[in-house]
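Quick notes on the structure that follows.
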Amino acid sequence: MDLLSHRVAGDPDDANVTYTDLSPRELSAQLEQQGLSVSCEPIRQWMSEKKLRLRRIHKVLSCGQSPERDAQFKQIAALIETYRANGNPCFSIDSKAKEFLGQLYRKGRIRSTHAFCAFYHDFPSLAEGVVIPHGIYDLARNRGHLNLGRSHDTTQFACDSLCWYWNRIGKRCYPDAASILLLCDCGGSNAANKYIFKYDLQRLADRIGIEIRIAHYPSYCSKYNPIERRFFPHVGRACEGMLFDSIETVVDLMRKAATTTGLKTTVNIIARPYLTGRQATDEIKHNLKIVADEVLPKWNYRAIPQNPTVVL
(Lines give C-alpha, C1' and ligand atoms only; values in the text may rest on other atoms or scores of the structure.)
Protein backbone atom coordinates (compact mmCIF):
# COMPACT_ATOMS: atom_id res chain seq x y z
CA MET A 1 0.00 0.00 0.00
CA ASP A 2 1.56 3.33 -1.10
CA LEU A 3 0.28 5.10 2.00
CA LEU A 4 2.70 3.22 4.25
CA SER A 5 6.22 4.45 5.04
CA HIS A 6 9.48 2.70 5.87
CA ARG A 7 12.36 3.61 8.12
CA VAL A 8 15.42 1.87 9.55
CA ALA A 9 14.57 0.67 13.06
CA GLY A 10 17.99 1.37 14.50
CA ASP A 11 18.52 -2.09 15.95
CA PRO A 12 21.75 -4.05 15.40
CA ASP A 13 20.27 -5.81 12.35
CA ASP A 14 19.16 -2.51 10.77
CA ALA A 15 15.68 -3.92 10.13
CA ASN A 16 13.15 -1.71 8.38
CA VAL A 17 10.01 -0.60 10.20
CA THR A 18 6.83 -0.24 8.18
CA TYR A 19 4.62 2.39 9.77
CA THR A 20 1.80 4.86 9.20
CA ASP A 21 0.47 7.75 11.22
CA LEU A 22 -2.96 7.40 9.57
CA SER A 23 -5.93 5.77 11.29
CA PRO A 24 -8.11 3.20 9.44
CA ARG A 25 -10.66 5.96 8.82
CA GLU A 26 -8.01 8.28 7.39
CA LEU A 27 -6.59 5.47 5.24
CA SER A 28 -10.08 4.76 3.93
CA ALA A 29 -10.49 8.43 2.99
CA GLN A 30 -7.09 8.52 1.27
CA LEU A 31 -7.94 5.39 -0.75
CA GLU A 32 -11.27 6.91 -1.70
CA GLN A 33 -9.41 9.87 -3.22
CA GLN A 34 -7.37 7.40 -5.27
CA GLY A 35 -10.52 5.78 -6.62
CA LEU A 36 -10.59 2.76 -4.28
CA SER A 37 -13.58 2.26 -2.04
CA VAL A 38 -12.51 0.34 1.09
CA SER A 39 -14.31 0.56 4.40
CA CYS A 40 -12.54 0.81 7.78
CA GLU A 41 -13.13 -2.77 8.92
CA PRO A 42 -11.20 -4.51 6.10
CA ILE A 43 -8.37 -2.05 6.66
CA ARG A 44 -8.30 -2.93 10.39
CA GLN A 45 -8.17 -6.63 9.56
CA TRP A 46 -5.40 -6.07 7.02
CA MET A 47 -3.38 -4.00 9.53
CA SER A 48 -3.80 -6.77 12.11
CA GLU A 49 -2.55 -9.39 9.66
CA LYS A 50 0.47 -7.21 8.84
CA LYS A 51 1.10 -6.62 12.60
CA LEU A 52 0.61 -2.88 12.21
CA ARG A 53 -0.30 -2.24 15.86
CA LEU A 54 0.03 0.79 18.10
CA ARG A 55 3.49 0.61 19.63
CA ARG A 56 5.63 2.72 21.91
CA ILE A 57 9.22 3.63 21.17
CA HIS A 58 11.51 1.12 22.89
CA LYS A 59 14.46 2.48 24.87
CA VAL A 60 16.87 -0.35 24.03
CA LEU A 61 19.76 1.28 22.13
CA SER A 62 23.05 1.67 23.96
CA CYS A 63 24.45 5.19 24.32
CA GLY A 64 27.95 3.77 24.14
CA GLN A 65 30.18 1.13 25.67
CA SER A 66 33.35 1.29 27.69
CA PRO A 67 36.19 -0.92 26.42
CA GLU A 68 36.70 -2.05 30.05
CA ARG A 69 33.04 -2.93 30.60
CA ASP A 70 33.41 -6.71 30.79
CA ALA A 71 36.47 -6.49 33.03
CA GLN A 72 34.59 -4.32 35.53
CA PHE A 73 31.57 -6.63 35.54
CA LYS A 74 33.88 -9.56 36.35
CA GLN A 75 35.50 -7.50 39.10
CA ILE A 76 32.10 -6.64 40.62
CA ALA A 77 30.99 -10.28 40.50
CA ALA A 78 34.20 -11.36 42.24
CA LEU A 79 33.79 -8.70 44.95
CA ILE A 80 30.18 -9.71 45.64
CA GLU A 81 31.19 -13.36 45.97
CA THR A 82 34.07 -12.50 48.31
CA TYR A 83 31.99 -10.25 50.55
CA ARG A 84 29.20 -12.79 50.83
CA ALA A 85 31.66 -15.59 51.65
CA ASN A 86 33.19 -13.47 54.42
CA GLY A 87 29.84 -12.39 55.85
CA ASN A 88 30.41 -8.73 54.96
CA PRO A 89 27.54 -6.58 53.67
CA CYS A 90 27.04 -5.73 50.01
CA PHE A 91 24.69 -2.81 49.37
CA SER A 92 23.48 -1.46 46.03
CA ILE A 93 22.75 2.28 46.20
CA ASP A 94 21.19 4.94 44.00
CA SER A 95 18.81 7.90 44.06
CA LYS A 96 15.37 7.89 42.46
CA ALA A 97 14.14 10.90 40.51
CA LYS A 98 12.98 13.91 42.51
CA GLU A 99 9.25 14.02 43.18
CA PHE A 100 7.09 17.05 43.96
CA LEU A 101 4.72 17.13 46.92
CA GLY A 102 1.19 18.48 46.55
CA GLN A 103 -1.84 18.09 44.31
CA LEU A 104 0.25 17.37 41.22
CA TYR A 105 -0.50 14.72 38.60
CA ARG A 106 1.37 11.40 38.72
CA LYS A 107 1.25 8.58 36.19
CA GLY A 108 -0.55 5.32 36.83
CA ARG A 109 -4.01 4.08 37.73
CA ILE A 110 -5.59 2.86 40.96
CA ARG A 111 -8.96 1.34 41.77
CA SER A 112 -11.13 3.97 43.44
CA THR A 113 -14.73 5.17 43.58
CA HIS A 114 -13.68 8.58 42.23
CA ALA A 115 -10.57 9.92 40.55
CA PHE A 116 -8.11 11.93 42.62
CA CYS A 117 -8.00 15.60 41.65
CA ALA A 118 -4.78 17.32 40.64
CA PHE A 119 -3.87 20.73 39.31
CA TYR A 120 -4.41 21.17 35.58
CA HIS A 121 -0.75 22.17 35.16
CA ASP A 122 2.30 20.51 36.73
CA PHE A 123 4.17 23.72 37.54
CA PRO A 124 6.87 23.23 40.22
CA SER A 125 5.68 26.50 41.78
CA LEU A 126 2.46 24.71 42.75
CA ALA A 127 4.37 22.09 44.75
CA GLU A 128 4.55 22.17 48.53
CA GLY A 129 8.08 20.80 48.54
CA VAL A 130 10.19 18.04 47.07
CA VAL A 131 11.16 14.55 48.08
CA ILE A 132 14.38 12.87 46.93
CA PRO A 133 14.48 9.11 47.65
CA HIS A 134 17.96 7.69 48.21
CA GLY A 135 17.80 3.91 48.08
CA ILE A 136 19.94 1.25 49.74
CA TYR A 137 19.35 -2.39 48.76
CA ASP A 138 20.86 -5.26 50.74
CA LEU A 139 21.60 -8.04 48.25
CA ALA A 140 21.96 -10.86 50.78
CA ARG A 141 18.92 -10.03 52.93
CA ASN A 142 16.65 -8.84 50.07
CA ARG A 143 15.77 -5.70 52.03
CA GLY A 144 15.38 -2.18 50.74
CA HIS A 145 15.60 1.13 52.54
CA LEU A 146 14.76 4.66 51.43
CA ASN A 147 15.95 7.87 53.01
CA LEU A 148 13.74 10.70 51.79
CA GLY A 149 15.60 13.97 51.40
CA ARG A 150 13.75 17.29 51.46
CA SER A 151 16.46 19.43 49.88
CA HIS A 152 18.95 18.44 47.14
CA ASP A 153 20.59 15.24 45.89
CA THR A 154 24.20 15.95 46.88
CA THR A 155 27.20 13.87 47.90
CA GLN A 156 26.62 14.91 51.53
CA PHE A 157 23.03 13.69 51.35
CA ALA A 158 24.10 10.33 49.88
CA CYS A 159 26.71 9.85 52.62
CA ASP A 160 24.33 10.98 55.40
CA SER A 161 21.81 8.48 54.03
CA LEU A 162 24.38 5.68 54.26
CA CYS A 163 25.45 6.78 57.74
CA TRP A 164 21.86 6.73 59.03
CA TYR A 165 21.23 3.32 57.52
CA TRP A 166 24.42 1.73 58.85
CA ASN A 167 24.09 3.07 62.39
CA ARG A 168 20.44 2.07 62.77
CA ILE A 169 20.03 -1.01 60.57
CA GLY A 170 23.22 -2.17 58.88
CA LYS A 171 25.51 -2.80 61.83
CA ARG A 172 22.78 -4.65 63.73
CA CYS A 173 22.42 -7.04 60.78
CA TYR A 174 26.20 -7.34 60.29
CA PRO A 175 27.73 -6.92 63.78
CA ASP A 176 31.01 -8.59 62.77
CA ALA A 177 31.47 -6.76 59.46
CA ALA A 178 35.01 -5.73 58.61
CA SER A 179 34.16 -3.89 55.38
CA ILE A 180 31.15 -2.62 53.43
CA LEU A 181 30.85 -3.05 49.65
CA LEU A 182 28.81 -0.38 47.86
CA LEU A 183 27.69 -0.91 44.26
CA CYS A 184 26.71 2.30 42.48
CA ASP A 185 26.52 4.06 39.15
CA CYS A 186 29.21 6.26 37.63
CA GLY A 187 27.23 9.49 37.80
CA GLY A 188 24.94 11.50 40.04
CA SER A 189 25.67 12.25 43.69
CA ASN A 190 28.09 9.29 43.84
CA ALA A 191 29.92 9.99 40.58
CA ALA A 192 33.18 8.12 40.09
CA ASN A 193 35.02 11.26 38.94
CA LYS A 194 33.92 13.53 41.81
CA TYR A 195 36.63 14.31 44.34
CA ILE A 196 33.98 15.77 46.65
CA PHE A 197 32.20 12.40 46.79
CA LYS A 198 35.44 10.65 47.72
CA TYR A 199 36.06 13.32 50.37
CA ASP A 200 32.60 12.87 51.90
CA LEU A 201 33.00 9.09 51.64
CA GLN A 202 36.25 9.27 53.64
CA ARG A 203 34.50 11.34 56.30
CA LEU A 204 31.71 8.74 56.38
CA ALA A 205 34.23 5.94 56.92
CA ASP A 206 35.72 7.95 59.79
CA ARG A 207 32.27 8.47 61.30
CA ILE A 208 31.18 4.83 61.27
CA GLY A 209 34.63 3.37 61.87
CA ILE A 210 34.58 0.75 59.14
CA GLU A 211 36.17 0.40 55.70
CA ILE A 212 33.96 1.22 52.72
CA ARG A 213 34.75 -0.26 49.32
CA ILE A 214 33.19 1.30 46.22
CA ALA A 215 32.63 -0.51 42.91
CA HIS A 216 31.09 1.60 40.16
CA TYR A 217 29.17 0.15 37.25
CA PRO A 218 30.66 1.34 33.93
CA SER A 219 29.13 4.22 32.03
CA TYR A 220 25.81 3.41 30.31
CA CYS A 221 25.36 0.34 32.55
CA SER A 222 23.25 1.76 35.39
CA LYS A 223 20.39 -0.63 34.60
CA TYR A 224 22.58 -3.52 35.81
CA ASN A 225 22.88 -2.03 39.29
CA PRO A 226 20.82 -4.50 41.40
CA ILE A 227 18.76 -1.76 43.04
CA GLU A 228 17.39 -0.76 39.64
CA ARG A 229 15.89 -4.22 39.04
CA ARG A 230 15.22 -5.68 42.47
CA PHE A 231 13.97 -2.70 44.47
CA PHE A 232 13.04 0.50 42.63
CA PRO A 233 10.42 -1.11 40.30
CA HIS A 234 8.50 -2.37 43.36
CA VAL A 235 8.66 1.07 44.97
CA GLY A 236 7.28 2.55 41.75
CA ARG A 237 4.38 0.11 41.69
CA ALA A 238 3.55 0.82 45.34
CA CYS A 239 3.22 4.55 44.53
CA GLU A 240 1.65 4.29 41.07
CA GLY A 241 -1.43 6.45 40.49
CA MET A 242 -1.32 8.04 43.95
CA LEU A 243 -1.00 11.71 44.80
CA PHE A 244 2.05 12.68 46.82
CA ASP A 245 -0.02 15.18 48.78
CA SER A 246 2.17 15.03 51.89
CA ILE A 247 5.46 13.56 53.05
CA GLU A 248 3.51 11.24 55.36
CA THR A 249 1.63 9.83 52.36
CA VAL A 250 4.91 9.19 50.54
CA VAL A 251 6.36 7.35 53.55
CA ASP A 252 3.24 5.18 53.94
CA LEU A 253 3.16 4.29 50.25
CA MET A 254 6.84 3.45 49.92
CA ARG A 255 6.80 1.28 53.03
CA LYS A 256 4.32 -0.96 51.23
CA ALA A 257 6.88 -1.90 48.55
CA ALA A 258 7.18 -5.67 48.93
CA THR A 259 7.22 -8.93 46.97
CA THR A 260 6.08 -12.49 47.53
CA THR A 261 9.74 -13.53 47.48
CA GLY A 262 10.47 -11.61 50.66
CA LEU A 263 11.37 -8.02 49.78
CA LYS A 264 10.43 -5.54 52.50
CA THR A 265 11.02 -1.82 52.71
CA THR A 266 11.89 0.62 55.47
CA VAL A 267 11.66 4.40 55.07
CA ASN A 268 13.15 7.39 56.91
CA ILE A 269 13.07 11.16 56.39
CA ILE A 270 16.23 13.30 56.35
CA ALA A 271 15.10 16.90 56.71
CA ARG A 272 18.57 18.49 56.75
CA PRO A 273 19.10 21.12 54.02
CA TYR A 274 22.01 20.57 51.64
CA LEU A 275 23.91 23.13 49.61
CA THR A 276 24.63 22.52 45.94
CA GLY A 277 27.77 23.51 44.08
CA ARG A 278 30.35 22.23 46.57
CA GLN A 279 33.71 21.67 44.91
CA ALA A 280 36.84 19.92 46.14
CA THR A 281 39.63 22.36 46.89
CA ASP A 282 43.26 21.70 46.03
CA GLU A 283 43.87 20.97 49.71
CA ILE A 284 41.10 18.33 49.76
CA LYS A 285 42.50 16.69 46.63
CA HIS A 286 46.04 16.69 48.04
CA ASN A 287 45.04 15.21 51.42
CA LEU A 288 42.58 12.65 50.08
CA LYS A 289 43.23 9.28 51.72
CA ILE A 290 41.19 7.15 49.30
CA VAL A 291 43.03 3.95 48.33
CA ALA A 292 42.55 3.02 44.68
CA ASP A 293 42.56 -0.64 43.61
CA GLU A 294 45.15 -1.96 41.21
CA VAL A 295 42.32 -3.32 39.02
CA LEU A 296 40.47 -0.50 37.24
CA PRO A 297 41.25 2.14 39.91
CA LYS A 298 38.91 4.74 38.38
CA TRP A 299 35.95 2.54 39.34
CA ASN A 300 37.24 0.62 42.37
CA TYR A 301 38.61 2.16 45.55
CA ARG A 302 38.38 2.09 49.34
CA ALA A 303 37.81 4.60 52.12
CA ILE A 304 39.70 3.38 55.20
CA PRO A 305 38.90 4.98 58.58
CA GLN A 306 41.69 7.36 59.63
CA ASN A 307 40.36 8.94 62.83
CA PRO A 308 37.17 7.03 63.69
CA THR A 309 34.56 9.24 65.36
CA VAL A 310 31.29 7.34 65.46
CA VAL A 311 28.30 9.67 65.11
CA LEU A 312 24.80 8.34 65.71
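Structure notes:
- Checklist (1) closer than 18 Å to Ile110 by Cα; (2) under 18 Å from the mean Cα position of the chain (by Cα); (3) of a type in the set (Val, Ile, Thr) applied to Thr249, failing item: (2)
- Failed item, numbered, when Ala177 is tested on (1) among the small types (Gly, Ala, Ser); (2) part of a loop (DSSP other than H, G, I, E, B); (3) over 18 Å from Tyr83 (Cβ atoms): (3)
- So Thr276, is it part of a loop (DSSP other than H, G, I, E, B), of a type outside the set (D, E, K, R), surrounded by fewer than 12 Cβ atoms within 10 Å (Cβ to Cβ) and without any contact (Cβ under 8 Å) to a residue 24 or more places away in the chain: no
- Each residue in segment 274-302 was checked for being more than 17 Å from Gln156 (Cα to Cα) and among the hydroxyl-bearing types (Ser, Thr, Tyr), and 1 of them qualify.
- Test: residue in segment 57-66 that is at positive phi and not assigned by TED's automatic domain parsing to the domain that holds Ile180: yes
- Conditions (1) at pLDDT 95 or above; (2) exposed (fewer than 12 other Cβ atoms within 10 Å of the Cβ); (3) closer than 29 Å to Cys239 by Cβ: number failed by Gly102: (2)
- Residue check for Tyr137: in contact with a Lys or Arg (Cβ under 7 Å, 6 or more places away or on another chain) and either under 25 Å from Glu81 (Cα atoms) or free of Cβ contacts under 8 Å to residues at least 24 places away in the same chain (or both): yes
For (1) in contact (Cβ under 8 Å) with a residue 12 or more places away in the chain; (2) surrounded by fewer than 16 Cβ atoms within 10 Å (Cβ to Cβ); (3) hydrophobic (A, V, I, L, M, F, W, C); (4) more than 26 Å from Gln103 (Cβ to Cβ), each residue gets a yes or a no:
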| position | (1), (2), (3), (4) |
| --- | --- |
| Phe244 | yes, no, yes, no |
| Glu248 | no, yes, no, no |
| Thr260 | no, yes, no, yes |
| Leu263 | yes, no, yes, yes |
| Ala280 | yes, no, yes, yes |
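The values are calculated or read from the model by the stated rules, or taken from the named source; none is laboratory data. Please read these numbers as outputs of a predicted model, since none were measured by experiment. All Cβ positions, even for glycine, are placed from backbone atoms using ideal geometry, and neighbour counts span all protein chains on display.
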